[in-house]
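Data block below; observations after.
The values are calculated or read from the model by the stated rules, or taken from the named source; none is laboratory data. Please read all numbers here as calculations on a predicted model, not as lab measurements. No Cβ is skipped: glycine too gets one built from the backbone with ideal geometry, and neighbour counts run over all protein chains shown. The area values use the complete protein model at the heavy-atom level, side chains included, leaving out ligands, DNA and RNA. Shrake-Rupley method; radii C 1.70, N 1.55, O 1.52, S 1.80 Å.
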Amino acid sequence: MDVAQDPVEVTSLTELWDRVTGTQPDPERWLIIAAGLVALAAVTPWSVWRWSRTAITIAHEGGHGLVALLSGRTLTGIRLHSDTSGLTVSRGKPTGFGMVLTTAAGYTAPSLLGLGGAALLSAGRITALLWGAIALLGGLLVMVRNAYGVLAVLVTGAAFFLVSWLTSPDVQAAFAYLVVWFLLLGGVRPVFELQRKRRRGAAPQSDADQLARLTHVPGAVWVLFFAAVSLVCLTGGGHWLLTV
């Protein structure tokens, strides 16, 4: 067997770099569809979603944190809780465009990450997607400030690393497509959950309501914006995934 195809045989940094930045063959269509169905099963039933939603929370809070840094704010910490809620704290001007971008980033982050992942997969960059996720999770881990959050990020990062390093190309492809489908599908449900909570008055400090106070645009409009982003990403990303 050609050792260059062995997932555990990497003899130099150059070979590792070539492996990460290279392209991989497109998987069979049935595998892509099966990955989507598994992702849907991880998002739809509440008994599963109450656990799998933690991965969406990681992306949500990571989106807040990344945009806070990009907009010039000082990121002081991220907390992830076992009830799948989270909190990102940053210092800086309490109003203005940077604060608006930071607040708006949470509910849009999972879907936008899924769209970016779909673009990578449509270009055959399966390994790049897996290692890019590891890098993002490593950066997030530095800023997590509670034990459950550290555990959640470590477990997620370990899954990506073990799959990318120890498994066959077919398993890597299946995992990558599952992750991207999950982000695209899982990015939609929290938006509708948010609006249900707002109707009951159970989320007065939600991102949408914070944005309403920052911009004087009604919170319901921001929820519609979140929904539009997530549905457009699901449509576009799903198209890319299914037309490889």
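Would you call residue 170 touching a Gly at 6+ places or on another chain (Cβ under 6 Å) and not small (Gly, Ala, Ser)? It is false that residue 170 is touching a Gly at 6+ places or on another chain (Cβ under 6 Å) and not small (Gly, Ala, Ser). Within region 218-244, the residues that satisfy the criterion of being closer than 30 Å to residue 27 by Cβ, β-branched (Val, Ile, Thr), surrounded by fewer than 20 Cβ atoms within 10 Å (Cβ to Cβ) and modelled with pLDDT of 95 or more are 232, 235. Is one or more of the residues making up region 52-64 assigned to a loop (DSSP other than H, G, I, E, B) and surrounded by fewer than 20 Cβ atoms within 10 Å (Cβ to Cβ)? Among the residues of region 52-64, not one is assigned to a loop (DSSP other than H, G, I, E, B) and surrounded by fewer than 20 Cβ atoms within 10 Å (Cβ to Cβ), which makes the answer no. Apart from one condition, residue 201 fits all of (1) modelled with pLDDT of 95 or more; (2) within 21 Å of residue 83 (Cα to Cα); (3) of a type in the set (Gly, Ala, Ser); the exception is (1).
Restricting to region 158-172, name every residue that is touching a residue at least 24 places away in the same chain (Cβ under 8 Å) and either part of a helix (DSSP H, G or I) or under 14 Å from residue 121 (Cβ atoms) (or both). If you could, list the steps in order and put the result at the bottom.
Step one: of region 158-172, the residues touching a residue at least 24 places away in the same chain (Cβ under 8 Å) are 160-161, 163-170, 172.
Within region 158-172, 160, 161, 163, 164, 165, 166, 169, 170, 172 qualify.
Select, from 156, 167, 215, the only residue that is over 26 Å from residue 78 (Cα atoms) and open to solvent by 20 Å² or more (accessible area, probe 1.4 Å). None of the other options fit; the residue is 167. One residue alone among 43, 38 is closer than 26 Å to residue 121 by Cα and open to solvent by 40 Å² or more (accessible area, probe 1.4 Å), and that residue is 38.
Considering only residues in region 35-59 that are closer than 17 Å to residue 150 by Cβ and not hydroxyl-bearing (Ser, Thr, Tyr), the one that is nearest to the chain's Cα centre (by Cα) turns out to be 59.
In contact with a helix residue (DSSP H, G or I) (Cβ under 6 Å, 6 or more places away or on another chain), under 17 Å from residue 42 (Cβ atoms) and not β-branched (Val, Ile, Thr), is that true of residue 175? Explain how you work it out, then say what you get.
Numbers: in contact with a helix residue (DSSP H, G or I) (Cβ under 6 Å, 6 or more places away or on another chain): yes; under 17 Å from residue 42 (Cβ atoms): yes; not β-branched (Val, Ile, Thr): yes.
Judged against the criteria, residue 175 is a match.
Among the residues making up region 194-206, a single one is open to solvent by less than 20 Å² (accessible area, probe 1.4 Å) and of a type outside the set (A, V, I, L, M, F, W, C): 206.
Okay, residues lined up against (1) at pLDDT below 95; (2) within 28 Å of residue 218 (Cα to Cα); (3) not small (Gly, Ala, Ser):
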position	(1), (2), (3)
13	yes, no, yes
23	yes, no, yes
31	no, no, yes
34	no, no, no
46	no, no, yes
63	no, yes, no
68	no, yes, no
94	yes, yes, yes
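Applying the set (1) under 20 Å from residue 101 (Cβ atoms); (2) without any contact (Cβ under 8 Å) to a residue 40 or more places away in the chain to residue 200 leaves exactly one unmet item: (1). Taking the criterion of being touching a Phe, Trp or Tyr at 6+ places or on another chain (Cβ under 9 Å) and either open to solvent by 60 Å² or more (accessible area, probe 1.4 Å) or outside any helix (DSSP H, G or I) (or both), the only residue of region 182-193 that qualifies is 187.
Of the set (1) closer than 24 Å to residue 49 by Cα; (2) open to solvent by 20 Å² or more (accessible area, probe 1.4 Å); (3) part of a helix (DSSP H, G or I); (4) not charged (D, E, K, R), all apply to residue 119 but (1).
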